[in-house]
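Q: Quick one: this structure, given as structure tokens, is what I'll be asking you about.
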Amino acid sequence: MMQKKAGPLFYLFLLVFVFFVMFPFLWVLLSSIKPLSELFGDKAFNWFTSHPTLKSYVSVFVNYPFLRYLWNSTVVATITTVYTVFVAAFAAYAIARLQFKGKTVILGLVLAVSMFPQIATISPIYMFVKTFGLTNSYLGLIIPYTTFALPLSIWLLVTFFRKIPFDLEEAAKMDGATPMQTYFKVILPLAVPGVFTTSILVFIAAWNEFLFALTINTAEKYKTVPVGIAMFQGQYTIPWGEISAATVVVTVPLVIMVLLFQRRIVSGLTSGSIKE
Amino acid sequence: MIFLFVYGFIGWTGYVSLSNWNSLVPDWSFAGVKNYLYLFHDFRFQADLRNTLVFTVLFIAAVIVLGQLLAILLDQKLRGESLFRNIFFFPMALSFVVTGVVWQWLFNPSTGVNLFLKPLGLDGKWYTDTNILFGFHWGKIEFGIPVAIIAVVVAAVWQMTGFAVAMYLAGLRAIPDEVREAARMDGATEFQLYWKIILPLLRPITVSVIIIMAHISLKIFDLIYAMTGPGANFVTDVPGVYMFETTFRGNYYANGAAIAMVMLLSVAIFIVPYLISSRKGGS
């Protein structure tokens, strides 16, 4: 085997890119601990601040209903994830195992839903939600979120279920297990990695969603984090200190999640998009 | 059932786009293609189409080039590869809104990246710049590359490149080592190896990357809404933002629906052939 070792030049080159990727984070982090007077003007370009302060962080939680936004996002994203994955796991199992006419067409239509611009459905969905009095409620967001998260989840889970050998079910049947028992005791435990990956992706998508959140939940009480962050900008001033602090607060959990589950997220995303 | 729901809603939008409903009160009377004609003669919509085209081309090109380059660099059996991969990947998990806000701050004319440019005597106006590069008049608009769009492209590339890297890396790993060794035996230089052998082998992945990035860029909304808005003279406006403002701020439901349908069709041009071909190739 010819093992090519990377030279120091490679590392240097890579580090340049790493710098480009990290710079926005570092800059925002720095901005969030700078005193307001150093955000603009002479000291705006300083690498360091001699007076680090947590004022912006305090202000985000005290002067803005940021905690409320975080809570709203958590509730909506969690319920969406649990419901979507629960339904999708059943549907995907059925699609993976049952043979029926037009299966590939249905799968194609399913995947198309997740790729079409959601904006093409925003006005009817808004009307729908409004008719049922669900604007400014958690349910008003959970309904459209699950609608759009389901197709991709089903698609992902079908690929996972397909990898589970059919013999296992046959064996379970021989041993006298009912289909339900087979599903819950044999199949689902094997599909846990797939279910987990799907859950992460659905959660991130719901947590980050903006268009529906912006349109449907306009009341301060029901805004989610992305809408909250986008709307920090006041009419005349933009409170950059607070915005930076808020950005750091919402970014850190996602960064940790990515560091922990990077492999799963990547495999999930690519299997959803590359043909097998 | 869910899918009937979604396709039903799309049908509804399609119908509204052909109606006269341009006020708060629903008006279902048939208007033909009037709304579409209006759009294609509209200054703002023409600017939107220009911006979308420029944005999509620049964005996809940058993502492909950087994605391949970084994937090849990461594939050199280096130490700490997973750390690098993580770093490149994690902007991907952020929402476009956060990316937009962060880059709005970075590109702020009086701070951020201008840290590096000020000493060079450059004074970046970035997304507030209304100049259009290589501009010429075409229809009602000046066609060319709006400077402000470049700022948005940078932000989008920053966020999405990690995804392309991950896909290319998977592709590189799938190429057996024998291929490389055979090429080296035949006396190919490293550069030739990658340029003539590896990159062509990665072409199917490039197709996937193009499809994925195109459908993201054609329907982009959050990033621009959070970062720049329509911009002066609509230099950074895109159909998504126009649609939202027309429908929910102006109550021109029929016009908004027509914009949405144009977006839908443009995305469909990319993904329908892709889905059909992947169906044939797949199961």
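The values are calculated or read from the model by the stated rules, or taken from the named source; none is laboratory data. What you see is a predicted model; the values in this text were computed from it and never measured. Reconstructed Cβ throughout: ideal geometry from the backbone, glycine too, with neighbour counts over all protein chains shown.
Q: Filter the stretch B:237-264 for residues that are charged (D, E, K, R) and at pLDDT 85 or above; which is farthest from residue B:34 (Cα to Cα)?
A: Out of the qualifying residues, it is B:237.
Q: Residue under question is residue A:186, and the condition is that it be among the β-branched types (Val, Ile, Thr) and in contact (Cβ under 8 Å) with a residue 40 or more places away in the chain; does it hold?
A: Considered against the rule, which asks whether it is among the β-branched types (Val, Ile, Thr) and in contact (Cβ under 8 Å) with a residue 40 or more places away in the chain, residue A:186 comes out as no.
Q: If I ask for residues that are under 16 Å from residue B:13 (Cα atoms) and small (Gly, Ala, Ser), which ones from the stretch B:234-274 would you list?
A: Once the filter is applied, which keeps residues that are under 16 Å from residue B:13 (Cα atoms) and small (Gly, Ala, Ser), the stretch B:234-274 yields B:240, B:254, B:256, B:257, B:258, B:260, B:266, B:268.
Q: Yes or no: residue B:233 crowded, with 16+ Cβ neighbours inside 10 Å, touching a residue at least 24 places away in the same chain (Cβ under 8 Å) and out of contact with any strand residue (DSSP E or B) (no Cβ under 7 Å at 6 or more places or on another chain)? Spell out how you get there, then give the answer.
A: Numbers: crowded, with 16+ Cβ neighbours inside 10 Å: yes; touching a residue at least 24 places away in the same chain (Cβ under 8 Å): yes; out of contact with any strand residue (DSSP E or B) (no Cβ under 7 Å at 6 or more places or on another chain): yes.
Spelling it out, residue B:233 is indeed crowded, with 16+ Cβ neighbours inside 10 Å, touching a residue at least 24 places away in the same chain (Cβ under 8 Å) and out of contact with any strand residue (DSSP E or B) (no Cβ under 7 Å at 6 or more places or on another chain).
Q: Also, I was wondering about something else. For the stretch B:68-90, does any single residue satisfy the condition of being modelled with pLDDT under 85, assigned to a helix (DSSP H, G or I) and β-branched (Val, Ile, Thr)?
A: Yes, the stretch B:68-90 contains a residue that is modelled with pLDDT under 85, assigned to a helix (DSSP H, G or I) and β-branched (Val, Ile, Thr).
Q: Name the helices (runs of 4 or more DSSP H) wholly within the stretch A:174-276 that hold at least 3 residues that are at pLDDT 80 or above and more than 9 Å from chain B (Cβ to nearest Cβ)?
A: Fully inside the stretch A:174-276 and qualifying: A:192-208, A:211-216, A:240-273.
Q: For the stretch B:20-39, state whether one or more residues are buried (at least 18 other Cβ atoms within 10 Å of the Cβ), in a helix (DSSP H, G or I), under 23 Å from the mean Cα position of the chain (by Cα) and in contact (Cβ under 8 Å) with a residue 24 or more places away in the chain.
A: yes
Q: With the checklist (1) modelled with pLDDT of 85 or more; (2) surrounded by fewer than 19 Cβ atoms within 10 Å (Cβ to Cβ); (3) under 22 Å from residue A:81 (Cα atoms) in hand, flag the one item residue A:130 doesn't pass.
A: Of (1) modelled with pLDDT of 85 or more; (2) surrounded by fewer than 19 Cβ atoms within 10 Å (Cβ to Cβ); (3) under 22 Å from residue A:81 (Cα atoms), only one is false for residue A:130: (3).
Q: Please determine, by comparing only the residues of the stretch A:81-138 that are among the aromatic types (Phe, Trp, Tyr) and within 11 Å of chain B (Cβ to nearest Cβ), which one is nearest to the chain's Cα centre (by Cα).
A: A:116
Q: Which one is surrounded by the most Cβ atoms within 10 Å (Cβ to Cβ) among residues in the stretch A:139-178 that are without any contact (Cβ under 8 Å) to a residue 24 or more places away in the chain and aliphatic (A, V, I, L, M)?
A: A:143
Q: Got at least one residue in the stretch A:26-40 being among the aromatic types (Phe, Trp, Tyr) and at pLDDT 70 or above? Working first, answer last.
A: Residues of the stretch A:26-40 that are among the aromatic types (Phe, Trp, Tyr), as a first pass: A:27, A:40.
From what's left, at pLDDT 70 or above: A:27.
Within the stretch A:26-40, one or more residues are among the aromatic types (Phe, Trp, Tyr) and at pLDDT 70 or above.
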